[in-house]
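S.K.: Take a look at the following structure, please.
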Amino acid sequence: MTKAKVSDLDFNNLGFGYHDLPYRYKAEYHDGQWQPGELTTDSTIHLSESAVALHYGQEVFEGLKAYRRKDGGVNIFRPDRNAHRMHNSAERLLMPPYPEDKFVEAVKEVVKDNQDFIPPYESGGSLYLRPLLISTSPEIGVHPGHDFLFTIFAMPVGAYYPGGLAPTAFVTSEFDRAAHGGTGQAKVGGNYAASMLPGDNAHKAGYSDVVYLDPREHEYIEELGSANFFGITKDGQFKTPKSPSILPSVTKYSLLALAEEMGMNPVEEAISIHDLDQFAEAGAMGTAAVISPVGSITHEGKKHVFFSETEVGPKTQALYDRLIGIQYGDQEGPEGWVQDVPLV
Ligand SMILES: Cc1ncc(COP(=O)(O)O)c(C=O)c1O
């Protein structure tokens, strides 16, 4: 694997892809405890062919970003929320959670040591961080492992919508992403493996991604690809689905708070696929795009258009501007949402 070089990167045309950056953080769990972690230049992992993660999917991960501010400093956005979600995901898969305070410290170390790769403020890009926890024990029976690896690596990623927010088309799927009582609330690889076929079917049919409906009745909206859903009603209320099988999105909880601040009377409640007429605007929310406006949802061959198939709605744009304003440090946000990363 060739190491990435800053001089080879065009920060204005990055997309979302892997780059082998100089440093990543690694810590191992042996003898019932986490051993001291360290930064290393080795981007490979040496595993037994019988490692539990490979066969039985005992692995969880996270995704968060660091943002270059206008003054050259660097912010990370709510890393404590990702640390906590990873803790919950690990417990669901019977893995030892990595201590949450050490998670945040390790994120900062990885950002600091790869700081030359953080895209400049003007590019609209960011440094994406991928924490990963896997079971490395050689087991062939279906048992939880005893040994684990925690790592955080990073890569520069481009602005998701360099030309401004653009609505996309979604389609409902007959497949489920996660079962009722399954692992939908946890960020585990198996959920994403299960989403590849429905996602591919949607892409081949010309849609940007899938709308998953609830696994029991196939009536209520769960998620949009790998993002949570929101709609803004005709009288300006922000609504997002409440369900035990969706991933608790950091972006969703942040937008719920900002919608409150902006007088949009936000609510989490079940949203029927047959009740889309109530919405003037709709969007998908997640770390990758922040907000992706939803132009339309097609269900059982019938297309429902929201605000527009080509233009972003004003309330969606206002929520987006407020959130990225906070992330990039241009606007003051609620207490504790952004943490400065010391660069020396
Ligand atoms: C299935 C799923 N839903 C929602 C989200 C959005 O979560 P967040 O806002 O924490 O990135 C993600 C991305 O992490 C996801 O993979």
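Here, each number is a calculation from the coordinates, and none is a lab measurement. Predicted model only: the values in this text are computed from it and were never measured. Counting neighbours? That spans all protein chains shown, and the Cβs are built from the backbone with ideal geometry, glycine included.
S.K.: Compute the distance in nm between two label points, each set 7 Å from the Cα along the Cα-to-Cβ direction, one at residue 242 and one at residue 262.
M.R.: 2.2 nm
S.K.: Same structure again: Just add up the charged neighbours of residue 11: K/R +1, D/E -1, any other residue whose Cβ is under 12 Å from the Cβ of residue 11.
M.R.: Neighbourhood net charge equals -3.
S.K.: If the cut-off is 27 Å between C-alpha atoms, which lysines fall inside it for residue 302, apart from same-chain ones fewer than 8 positions away?
M.R.: By straight Cα distance, residue 302 reaches 204, 234, 239, 242, 315.
S.K.: For the range 139-218, rounded, prolate or oblate, judged on the Cα gyration tensor with a ≥ b ≥ c (square roots of eigenvalues), a/c < 1.5 rounded, else prolate if a/b > b/c?
M.R.: Oblate shape, in that a/c is at least 1.5 and b/c is the bigger or equal ratio.
S.K.: Please list the radius of gyration and Dmax for the chain, considering alpha-carbon atoms only, with Å as the unit.
M.R.: That works out to 20.2, 58 Å for Rg and Dmax.
S.K.: Convert each backbone phi in the range 330-339 into a coupling constant with the Karplus relation 6.51 cos²θ - 1.76 cosθ + 1.60 (shift: θ = phi - 60°), then list the ³J(HN,Hα) values in order as whole Hz, x for Gly and Pro.
M.R.: 7, 10, 6, x, x, 3, x, 6, 10, 10
S.K.: How many angstrom lie between the C-alpha centres of the range 61-125 and the range 255-282?
M.R.: Centre-to-centre (Cα) distance: 28 Å.
S.K.: With r defined as the distance between the Cβ atoms of residue 344 and residue 44 and R0 fixed at 25 Å, what FRET efficiency is calculated, to the nearest 0.05?
M.R.: Here the calculated transfer efficiency is 0.25.
S.K.: Whose amide H sits under 5 Å from the amide H of residue 236, counting only residues 5 or more places off or on another chain, with H placed in the peptide plane?
M.R.: When sequence neighbours closer than 5 places are left aside, there are no close amide H contacts.
S.K.: Given 0.36 nm per residue, what is the gain on full extension from residue 308 to residue 88 after removing their alpha carbon distance, in nm?
M.R.: In short, 75.4 nm is gained.
S.K.: Residue 262: net charge of surrounding residues, Cβ under 13 Å, Lys/Arg +1, Asp/Glu -1, itself excluded?
M.R.: That works out to -1.
S.K.: Go ahead and estimate [θ] at 222 nm for the chain from helices alone: -39,500 (n - 2.57) per DSSP H run with n ≥ 4, summed, over the residue count, rounded to 500.
M.R.: -7000 deg cm²/dmol
S.K.: Let me ask something else about it. Using a Cα-Cα cut-off of under 21 Å, which lysines could be cross-linked to residue 102, ignoring same-chain neighbours fewer than 8 residues away?
M.R.: Cα-Cα hits under 21 Å: 26, 65, 112, 187.
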